[in-house]
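A short write-up of the structure that comes next.
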Amino acid sequence: MSHSRTKTRRIAVIGAPVLQAQSAFNAALIDYAARQGNWKFVFSTEVSVQTLKFLRQLDCDGALIRVISPAIAREARKLSFPLVNFSSWLSDPGVPTVRCDNAMMGRLAAQHLLNKGFRRFAVVLSKGGWFAHSRHQSFLECIEKTGFAENVSTFELRSHSADAEDLKRFRVWAEKLESPTGLFLTNDDPDAPVLMDACRAAGKKIPRDLAIVTSHGHPEICRACSPPLTYVDQNEQGIALEAAKFLDRLMSGEANAARTIIVPSGDVVPLGSTDTVAVDDREVAHTVEFIREHISEPINIKDVAQHFSIARRTLERRFRGAMKISLHDFQTSERIARAEDLLRAKPPLTLADVARRCGFVSATRLNLVFRRVKGSSPADWRAVAK
């Protein structure tokens with residue numbers, strides 16, 4: 001093994017303090033360092049101009065830095081050792097950069113809402129970082145290609161974190177959005193929970209009136225929202241790995257060119273905030289939600305119609321017209337989808353328990369319907385799914 005591979009490399013991490021907090025990004029860095037065997041994190045803290053000035057005095061071999069302003073970019077360019085920026089705040093920071101595919105994130109969010117049947121859209125554009133504008137633009141371009149460009153409304157935050165004035169303006173804007181609308185947040189941190197609260201204060205139900213998807217997607221923030229917030233996975237692990245590999249190459253002598261590596265984002269992670277279908281017939285939308293909320297109960301179409309005080313034939317006709325599927329087939333598909341989730345459970349559930357939790361009167365009935373829809377018994381399907 002060469003000397004360059006065995007010599008300890010002293011690495012600073014600025015903006016994702018691996019010595020203080022754990023995250024998917026940090027976990028990937030720590031794993032990479034462990035596999036290399038010659039990486040040592042010697043300085044790890046939040047980012048600021050003063051931090052970068054202090055960093056110039058340290059004996060480091062390289063640094064991973066979250067460049068979030070022109071001033072920080074200027075300080076980063078003064079460093080005498082290789083560095084890689086892992087932020088999307090600036091479109092051209094002038095230093096080697098690894099960042100997520102922000103345009104891809106916007107497209108995925110738009111496609112998710114389009115696949116749900118939405119034809120009206122809204123966007124909250126965060127203030128500050130270039131990444132928000134890139135996501136916004138790609139979202140709009142995707143919507144425009146489907147012919148719904150005139151059905152998009154955009155709200156711009158005036159502060160980096162929504163303040164009282166922003167929230168007041170947002171509530172007024174949200175009240176005017178026609179239901180159902182698909183709402184895209186270009187950033188979730190830290191505004192998503194308060195914006196969702198503001199939607200409710202504006203009289204909007206989530207996801208019935210506003211189905212919300214965010215990019216960036218810190219899982220802990222999104223899952224703590226009510227309902228849990230659908231997000232596009234930023235692929236922090238991939239960004240961290242590519243940034244570490246890039247820095248390794250720079251420290252090994254690769255030319256310190258100010259170039260950018262784009263890392264594909266992850267997929268959309270669908271959660272409760274988009275668990276709906278977009279139909280203008282509100283009775284049909286309410287029926288969809290009612291069926292999903294009561295999926296564990298052995299209710300039939302007659303029960304659904306009685307709940308909404310509507311004639312069964314009328315409800316079935318309107319449902320088929322809006323959803324392009326019969327109400328019976330929709331209810332069955334929802335129960336089978338729920339059964340599939342339960343069949344994957346660890347430790348495994350009994351078939352009787354699976355049947356009870358997805359609204360079938362017995363394991364025998366579950367077996368009959370499952371076999372008709374999926375072409376195999378629940379037991380055989382579970383064996384293959386493992």
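No lab work stands behind these numbers, since they all come straight from the coordinates. Please read all numbers here as calculations on a predicted model, not as lab measurements. Every residue, glycine among them, receives a Cβ derived from its backbone with ideal geometry; neighbour counts consider all protein chains shown.
Data table
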quantity: Where GluC sites (Glu not before Pro) in DSSP loops with at most 15 other Cβ within 10 Å are excluded, longest remaining stretch of the chain; calculated: 255-386
quantity: Equivalent ellipsoid, segment 282-385 (semi-axes from 5 times Cα gyration tensor eigenvalues, Å); calculated: 27, 13, 11
quantity: Helix 102-115 axis, angle to the chain major axis (alpha carbon atoms, nearest 10°); calculated: 0
quantity: Whichever lysines have a C-alpha closer than 24 Å to that of Lys205, once near sequence neighbours (fewer than 8 apart) are set aside; calculated: Lys116, Lys168, Lys176
quantity: For segment 225-282 and segment 56-95, distance of Cα centres in Å; calculated: 21
quantity: Length gained when the stretch Ala345-Leu58 is fully extended (0.36 nm per residue, less Cα-Cα span); calculated: 98.2 nm
quantity: Nearest-ten-degree value, helix 363-374 long axis tilted from longest Cα axis of the chain; calculated: 70
quantity: 0 to 90° range, to nearest 10: angle between helix 327-343 axis and the chain longest Cα axis; calculated: 50
quantity: Within a Gaussian network of the chain (alpha carbon springs, distance under 10 Å), most fluctuating of Leu349, Leu195, Leu29; calculated: Leu349
quantity: Where labels lie 7 Å past Cα in the beta-carbon direction, separation of Ser179 and Gln137 in nm; calculated: 3.6
quantity: Segment 217-257 residues near the modelled Gln36 label - backbone nitrogen below 14 Å, point 7 Å along Cα→Cβ; calculated: 240-254
quantity: Column: log10 I(q)/I(0), Debye, Cα scatterers of the chain, q = 0.10 Å⁻¹; calculated: -0.79
quantity: Model label zone, Ile261; criterion: amide N under 12 Å from point 7 Å along Cα-to-beta-carbon; scope segment 64-95; calculated: 84-86
